[in-house]
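The structure appears right after this line, and notes come after that.
Throughout, read-outs are computed from the coordinates displayed, never taken from laboratory work. Keep in mind that what you see is a predicted model, and the values were worked out from it rather than measured. Glycine gets a Cβ as well: all are built from the backbone with ideal geometry, and neighbour counts include every protein chain shown.
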Amino acid sequence: MKYPDIVKLATTTSDGYGDKTVTVLDEIPASFIKRASVAHSQNSEMENSEAAVYLLPTHATVLEKKDDLEGMYIIVAPFSQSNWYKISSANIAERKLLNNTIDNIYCRLQKVAGLAYDQSQSIS
């Protein structure tokens, strides 16, 4: 599988008030997919949008956090504007019968408002 996009995986911590702060940003090769649709019914229009991402399964940070990806944030800039998404579910596809290696990591995303962070901080 090809991973033509670069996404930022944000690790956050919560303070005593429950506010989240971005502590680490990791750039990860990925394949970002976004779908949108519009339906018209009974004098109303419905817009639907969903996004997903395949993360590079050999990246060190992805392997380290593969069991805790749900709830983490992804920053994507497909058209030069940063969009924030929260990982709602992650499917880790392992080859159990052959050699137990990870084949791909598929994450479903929900669009969210971005968190405040220092954009000059180092990105690993």
- [ ] Find the relative contact order for segment 14-123 and round it to a whole percent, using C-alpha pairs within less than 8 Å whose residues are 6+ positions apart.
- [x] 25
Task: Packing-based exposure ordering (other Cβ within 10 Å, fewest first) of Arg95, Arg108 - done: Arg95, Arg108
Open item on the list: No solvent, one uniform scatterer per C-alpha: report log10 I(q)/I(0) for segment 45-124 via the Debye equation at q = 0.18, 0.23 1/Å, two decimals.
Closed with: -0.86, -1.21
Task: Relative contact order of segment 1-72, defined on C-alpha pairs under 8 angstrom at six or more residues apart (%) - done: 28
- [ ] Give the order of Leu63, Leu55, Leu98 when sorted by the count of other beta carbons within 10 angstrom, beginning with the fewest.
- [x] Leu98, Leu63, Leu55
Task: Pairs of lysine residues in segment 5-112 - Cα separation under 19 Å, sequence separation of 8 or more or cross-chain - done: 15
